[in-house]
Protein chains: 4
Amino acid sequence: MLVVMAVAATEDEIQGVRRHIEKDGLTAHESRGSERVVIGVVGDVGLRKEQVMGHLAVLPGVDTVTPISRPFKLTSREFHPEDTVIEVGDGRVGGGGLTVMAGPCSIEDRDQLMRTADGVAASGATILRGGAFKPRTSPYSFQGLGVEGLELLAEARERTGLPIVTEVMEPSQVDVVAAHADILQVGARNMQNYPLLMAVGRAAKPVMLKRGLSATIEEWLMAAEYIVSSGNPDVILCERGIRTFETYTRNTLDIAAVPLLERLTHLPVIVDPSHATGKRWLVRSMALAAVAAGADGIMVEVHPEPDLALSDGEQSLTLEQFAEMAPVLDQIHAEVAGLAGETV
Amino acid sequence: MLVVMAVAATEDEIQGVRRHIEKDGLTAHESRGSERVVIGVVGDVGLRKEQVMGHLAVLPGVDTVTPISRPFKLTSREFHPEDTVIEVGDGRVGGGGLTVMAGPCSIEDRDQLMRTADGVAASGATILRGGAFKPRTSPYSFQGLGVEGLELLAEARERTGLPIVTEVMEPSQVDVVAAHADILQVGARNMQNYPLLMAVGRAAKPVMLKRGLSATIEEWLMAAEYIVSSGNPDVILCERGIRTFETYTRNTLDIAAVPLLERLTHLPVIVDPSHATGKRWLVRSMALAAVAAGADGIMVEVHPEPDLALSDGEQSLTLEQFAEMAPVLDQIHAEVAGLAGETV
Amino acid sequence: MLVVMAVAATEDEIQGVRRHIEKDGLTAHESRGSERVVIGVVGDVGLRKEQVMGHLAVLPGVDTVTPISRPFKLTSREFHPEDTVIEVGDGRVGGGGLTVMAGPCSIEDRDQLMRTADGVAASGATILRGGAFKPRTSPYSFQGLGVEGLELLAEARERTGLPIVTEVMEPSQVDVVAAHADILQVGARNMQNYPLLMAVGRAAKPVMLKRGLSATIEEWLMAAEYIVSSGNPDVILCERGIRTFETYTRNTLDIAAVPLLERLTHLPVIVDPSHATGKRWLVRSMALAAVAAGADGIMVEVHPEPDLALSDGEQSLTLEQFAEMAPVLDQIHAEVAGLAGETV
Amino acid sequence: MLVVMAVAATEDEIQGVRRHIEKDGLTAHESRGSERVVIGVVGDVGLRKEQVMGHLAVLPGVDTVTPISRPFKLTSREFHPEDTVIEVGDGRVGGGGLTVMAGPCSIEDRDQLMRTADGVAASGATILRGGAFKPRTSPYSFQGLGVEGLELLAEARERTGLPIVTEVMEPSQVDVVAAHADILQVGARNMQNYPLLMAVGRAAKPVMLKRGLSATIEEWLMAAEYIVSSGNPDVILCERGIRTFETYTRNTLDIAAVPLLERLTHLPVIVDPSHATGKRWLVRSMALAAVAAGADGIMVEVHPEPDLALSDGEQSLTLEQFAEMAPVLDQIHAEVAGLAGETV
């Protein structure tokens, strides 16, 4: 880290900062510019980093303290250059293929799920999504079928061969969800629910971690770091839009996160255009854009009769719309997969 | 709710919307303007509201569907005009007095907590705060003393007479925290952790609910609605800054939330300038501003030696700074308490 | 517009609102729901709209006043269903083709501009961009070559046949810029500079209007409305990223604006990934994503030696990188151009 | 500035960066940490700063380039420690007193302005505000009385003795506005209208610069730097709310900007709660909060009959409400003016 001194810092204040650094067992490395002095802190700060920074920041004469290293390690491409490729069922997430997760927002009943599962399986989905435990903004909305929903998902997998991704909302649900699902999803609202991150970090199934509505990319990777540092290296990141001042769309899909994450981390990245936009007629364009930007896959909501859905009908594709979109995704993916090396 | 038809909507589409509304057992109430038709939906929608809106939104010829009623009920001043006043220890939160919560970010050891508790009790704090379970962005940071911290808090209460507020991070911790603390705090990152909201909603202690970093005021009240509808009417709201593009401060303290909430809800409102700003030298100004705006109280971090704090030292006041600030808060509170009726 | 009454509104207050509406020569259309009364305002409000809304909002018993119609008219697809296609030189912007604007951020000297112009012309650019008048955050940064830059642009057009787009910063510059350029660009910081909007609205050249850094789509269309209502129907919209809390990229490119604008307006839409991301290695991915989402074109910065650029070198493509990207844009455009009807 | 090398940077890349720095006539100052190398750039970069940073950022092996100095100089407290106090009429802005600017949003006619001027003068306003040239989001809204409005303002000054502040929207208006007004206001939408900033920078009257809706504090100070570096040292900053995702208020008033600016700059700071909130019943609370936070003054909209106002009636105080608020502002100001030294 670097301690930037105020322009008016006195020699005594500069020496005070140096002594503070050395008392902590670290080395001060001074650089005198034309206006101010900058003091580099060299040495193994490790776990004490945040604390050391906080203390230095309030010493007399200090203007700001700036970290140099990024705070994520296990999820960082700098420390783990090779792509993480995750085995799910007979397929893989990451590693050059295109993952297409599709299915209903909420599982409503057996018929609705099986019709959707059959439909998306026939049209090229590679993973089936469906909500059994549902986080809802209002306590008065439909909260999901719970364990019954998990059992229906397992039946749909049996029938179609598609692996299952579904959300887990609290640590005590991890075991039952892991017993039924192939991928455990952590929702946007739980991105910084640390007990939950640690619980899925101890599970034996891959985890898909959605970006929080106002999470920076660095915080998102720190949340992934919680999971990986708890023992589970199989983390998939899912961009689903961030909150901005724009109100025509529910959220603003941050597609630039895709190539940015490709540089910062080795983990695969999926994009969810359904939740980001909240509008069915925006889903296809945004799915195509995500694939063109190099995403490892997309996740979309599909419902056999969106007008009757118990949740998020407004943003669900029909089976026909999904069937029409899927081959275009593959064509775009084929175009950009051929591009050599880094994205320019 | 209101269904706004597109300018180009045909008579058939308008009739289609009417039929859909009536099939749902509701009444359509049509209003023809110079450019378009608006159809009011009258009747008891209740729990189906979100679903009904979603279905109408995708019918042919529909431009937008707008809700009329606010989604929060139990927490709404429209349905509960009298202020909620919450008994805590021998004192009260809300009801005209000024609540001053003070204490360390994290409880680090017995000595640090007792020195802080004694100090803030002597200078006018009315409630002692202190973190035993700590949500930390990095898995490598200090995570709190846990149950040992709760026991130290209980000892500090014994010693000073101050009631205790401390954070609970997951449903399985609610019992043990409720056994030691007087107020259960739900942190900003957990504002939409629904299992946790329902768990504290079943507890027999008041709950202080912090605003999520990117939560709208409506979402925040919906989160409070989860707690109240689970059986616990004693909810305190705590504004702690929202995320914006500005980077000089950690977050942007939304002080206008104070008079706005006074109009929208009957629940008391506390402001936390320490977390909002992240900088010690901004805390006093923002605490004074919050009280001038009519807040029911403030919560600030205080540490006997901030330069040695294990967390958030940069934003903690010293005991001397707290002692100097407390009487000014009271003076400002006295000035504004005399103002008749609504804030202009 | 609709006047939503408070739950506790009295009959007198409801009648007061009705009388106020009728006194204004409008008709009140009342709808009584289970909780509250909603009063529709029918009649020709026209220019008085904002004012009428403001007055109703403060009457006793009124909760909120909601507009129904969108405020933009001339730029609205509802009132002008056919796509606007703009003739520029021998080519067109909009109408199904792909526009590729490329060139340096700032024109630095004759050699730099001609090398860039020759290079991008040879690789498939359809319009040459280049800044002569430069809006710079710092008064101490390079401010552009001014009229000399415009003359160099005209020479480059002569040489390559490519039409020219360049920025105009104030009303008094409009004539000289219009005398040299084929498209007048209004920059993001000037999106709500109304005297400038009216001045380019009186010019005889097409205008490219960049979205303001924190502009909603509605405000952006209102700014376009200023230009069109001043007499100039040839407006091109340019999405260039909005300001959010994310700091890894300079701005967040809002690609969903592309299909959204396709529905709301008949004007063509260009995307600028260079300014949005601020990082050269993100430009190609975002350009491909924009085209996949259905944009009418892109605008990118290209410099023969970005490491020596006087401005924005960090985000400029080399001539080789541009040449490599251009055919992929065409391929993606060909894939999505074949999609029937609305974007799902 | 500091060049942070990638963890995997090779020795050759490090030497390449050093050579690049030295070729530019600057000195490289290397610091080797446990993970990476950081290279400080020492020397007089001056005007080339942005350009030098851009070039270094794209060299092989470079991770990021971080500026150390703040980009504003003339407006910086580091380089100009004493408060700027601005003489306006017989009074002063800054320097310990409380400035109260009040008046109508738009000047509508002689009677409305004189009634307002007389009223606010009698109740303690120190400066009269009023809009003659109005920037309006819609081209169809009332655009102000123009020069006739300026003449009415001058008459109101004659009558009441209050100095006048009014907005100037384009460079060609500066002379006529400066001939009538005592303070030239640059509106939020024009904060980065550089030709306008330079034009008011050459005027002989003080300038009040409103913060842009999405401007960082640093950008705001850079805009002030444009004015001061053009020759006009008398700049007043006006916080008027920033754009966030919250929709209950028009904007989010960033009151923490007040103590933050006190530390960063020597210029006086005024807060405008009327535009920030957009709601009359929030104005008093926010004005009190601003004064409690240490603002040098406030600016509020006042109208004798807000229900009939041609613009912004919803947020205007009545004369009675203003008269009731003014003495409380003075009391709060007196409480906080006594606080010694820095705001904690």
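Find the residue count for region A:174-197, including only residues that are within 8 Å of chain B (Cβ to nearest Cβ), assigned to a helix (DSSP H, G or I) and open to solvent by 10 Å² or more (accessible area, probe 1.4 Å).
Summing the residues that are within 8 Å of chain B (Cβ to nearest Cβ), assigned to a helix (DSSP H, G or I) and open to solvent by 10 Å² or more (accessible area, probe 1.4 Å) in region A:174-197 gives 2.
What's the total number of residues in region B:240-267 that are among the small types (Gly, Ala, Ser) and at the interface with another protein chain (Cβ under 7 Å from one of its Cβ atoms)?
The qualifying residues number 1.
Say whether the condition of being over 12 Å from C:PRO268 (Cβ atoms), among the polar types (S, T, N, Q) and either touching a residue at least 12 places away in the same chain (Cβ under 8 Å) or outside any loop (DSSP other than H, G, I, E, B) (or both) is met by at least one residue in region C:118-133.
Among the residues of region C:118-133, at least one is over 12 Å from C:PRO268 (Cβ atoms), among the polar types (S, T, N, Q) and either touching a residue at least 12 places away in the same chain (Cβ under 8 Å) or outside any loop (DSSP other than H, G, I, E, B) (or both), which makes the answer yes.
Among the residues of region A:17-42 satisfying the criterion of being of a type in the set (Gly, Ala, Ser) and surrounded by fewer than 16 Cβ atoms within 10 Å (Cβ to Cβ), which is nearest to D:VAL4 (Cα to Cα)?
So the residue we want is A:SER34.
Give the residue that is farthest from the other protein chains (Cβ to nearest Cβ), with candidates limited to residues of region D:287-298 that are hydrophobic (A, V, I, L, M, F, W, C) and closer than 12 Å to D:LEU329 by Cβ.
D:ILE298
Residues being without any contact (Cβ under 8 Å) to a residue 12 or more places away in the chain and not hydroxyl-bearing (Ser, Thr, Tyr): count how many of those fall in region A:134-171.
Residues that pass the stated criteria total 3.
Output yes when any residue across region B:319-340 is of a type outside the set (Phe, Trp, Tyr), within 16 Å of B:PRO104 (Cα to Cα) and in a loop (DSSP other than H, G, I, E, B), and no when none is.
no
Identify, please: which residue in region A:229-239 is touching a residue at least 40 places away in the same chain (Cβ under 8 Å) and surrounded by fewer than 24 Cβ atoms within 10 Å (Cβ to Cβ) and is, among those, farthest from the chain's Cα centre (by Cα)?
Only one residue fits best here, namely A:SER229.
If you go through region B:12-52, how many residues are small (Gly, Ala, Ser) and over 36 Å from the mean Cα position of the chain (by Cα)?
Adding up the residues that qualify gives 6.
If you check B:TYR226, B:TYR248, which single one turns out to be of a type in the set (Ser, Thr, Tyr) and open to solvent by 20 Å² or more (accessible area, probe 1.4 Å)?
B:TYR248
Quick check on my filter: what residues within region B:1-25 are in contact with a Leu (Cβ under 8 Å, 6 or more places away or on another chain) and at the interface with chain C (Cβ under 10 Å from one of its Cβ atoms)?
B:MET1, B:LEU2
Exactly one of (1) under 30 Å from C:ALA223 (Cα atoms); (2) touching a helix residue (DSSP H, G or I) at 6+ places or on another chain (Cβ under 7 Å); (3) at the interface with another protein chain (Cβ under 8 Å from one of its Cβ atoms); (4) surrounded by fewer than 20 Cβ atoms within 10 Å (Cβ to Cβ) is unmet by C:GLY54. Its number?
(4)
Among the residues of region D:314-326, write down those that are more than 25 Å from the chain's Cα centre (by Cα) and open to solvent by 60 Å² or more (accessible area, probe 1.4 Å).
D:GLU320, D:GLU324
Please determine, by comparing only the residues of region B:149-171 that are under 20 Å from A:ASN193 (Cβ atoms) and acidic (Asp, Glu), which one is nearest to the other protein chains (Cβ to nearest Cβ).
For region B:149-171, the residue satisfying everything is B:GLU170.
Please state which of the following conditions B:TRP220 fails to meet, knowing it meets all the rest: (1) open to solvent by less than 10 Å² (accessible area, probe 1.4 Å); (2) within 7 Å of another protein chain (Cβ to nearest Cβ); (3) aromatic (Phe, Trp, Tyr).
Of the numbered conditions (1) open to solvent by less than 10 Å² (accessible area, probe 1.4 Å); (2) within 7 Å of another protein chain (Cβ to nearest Cβ); (3) aromatic (Phe, Trp, Tyr), the odd one out for B:TRP220 is (2).
Would you tally the residues in region A:181-199 being closer than 18 Å to A:PRO135 by Cβ and over 14 Å from the mean Cα position of the chain (by Cα)?
5
Which ones in region A:141-166 are closer than 29 Å to B:VAL168 by Cβ and either open to solvent by less than 20 Å² (accessible area, probe 1.4 Å) or not assigned by TED's automatic domain parsing to the domain that holds A:THR216 (or both)?
The answer is A:SER141, A:GLY146, A:GLY149, A:LEU150, A:THR166.
Looking at D:ARG284, D:ARG280, which is the one that is at the interface with chain B (Cβ under 8 Å from one of its Cβ atoms) and open to solvent by 10 Å² or more (accessible area, probe 1.4 Å)?
Of the residues listed, the single one that is at the interface with chain B (Cβ under 8 Å from one of its Cβ atoms) and open to solvent by 10 Å² or more (accessible area, probe 1.4 Å) is D:ARG280.
Is there any pair with a first residue in region A:26-40 that is more than 7 Å from chain D (Cβ to nearest Cβ) and a second that is surrounded by fewer than 19 Cβ atoms within 10 Å (Cβ to Cβ) and basic (Lys, Arg) whose Cβ atoms are under 9 Å apart and which are 6 or more apart or on different chains, and what are they?
Within 9 Å, the pairs are A:ALA28/A:ARG18; A:ALA28/A:ARG19; A:GLU30/A:ARG18; A:ILE39/A:ARG18.
Assess whether C:ALA323 counts as being within 11 Å of chain A (Cβ to nearest Cβ), more than 24 Å from D:VAL52 (Cα to Cα) and modelled with pLDDT of 95 or more.
When the stated conditions are applied, C:ALA323 does not pass them.
Could you tell me whether region D:303-314 includes any residue that is closer than 22 Å to B:VAL291 by Cα and either within 12 Å of chain B (Cβ to nearest Cβ) or among the acidic types (Asp, Glu) (or both)?
Checked against the condition, which is being closer than 22 Å to B:VAL291 by Cα and either within 12 Å of chain B (Cβ to nearest Cβ) or among the acidic types (Asp, Glu) (or both), region D:303-314 yields no hits at all.
Does C:GLY201 satisfy the condition of being out of contact with any Leu (no Cβ under 6 Å at 6 or more places or on another chain), more than 10 Å from chain D (Cβ to nearest Cβ) and either surrounded by fewer than 24 Cβ atoms within 10 Å (Cβ to Cβ) or of a type in the set (A, V, I, L, M, F, W, C) (or both)?
no
Looking at (1) open to solvent by less than 30 Å² (accessible area, probe 1.4 Å); (2) more than 14 Å from chain A (Cβ to nearest Cβ); (3) acidic (Asp, Glu), which is the only condition B:ASP118 fails?
(1)
Write out, first by first residue and then by second, each pair whose Cβ atoms fall under 7 Å of each other, whose residues are 6+ apart or on separate chains, and whose first residue, in region D:172-198, is over 15 Å from C:ASN193 (Cα atoms) while the second is buried (at least 22 other Cβ atoms within 10 Å of the Cβ) and hydroxyl-bearing (Ser, Thr, Tyr).
Partner pairs satisfying both residue conditions: D:VAL177/D:THR166; D:ALA181/D:THR166; D:MET198/D:TYR226.
The values are calculated or read from the model by the stated rules, or taken from the named source; none is laboratory data. Everything numeric in this text was worked out from a predicted model, so none of it was measured. When we count neighbours, we look across all protein chains shown, and the Cβ atoms used for this are built from the backbone with ideal geometry, even at glycine. SASA here: full protein model, heavy atoms, side chains in, ligands and nucleic acids out. Shrake-Rupley method; radii C 1.70, N 1.55, O 1.52, S 1.80 Å.
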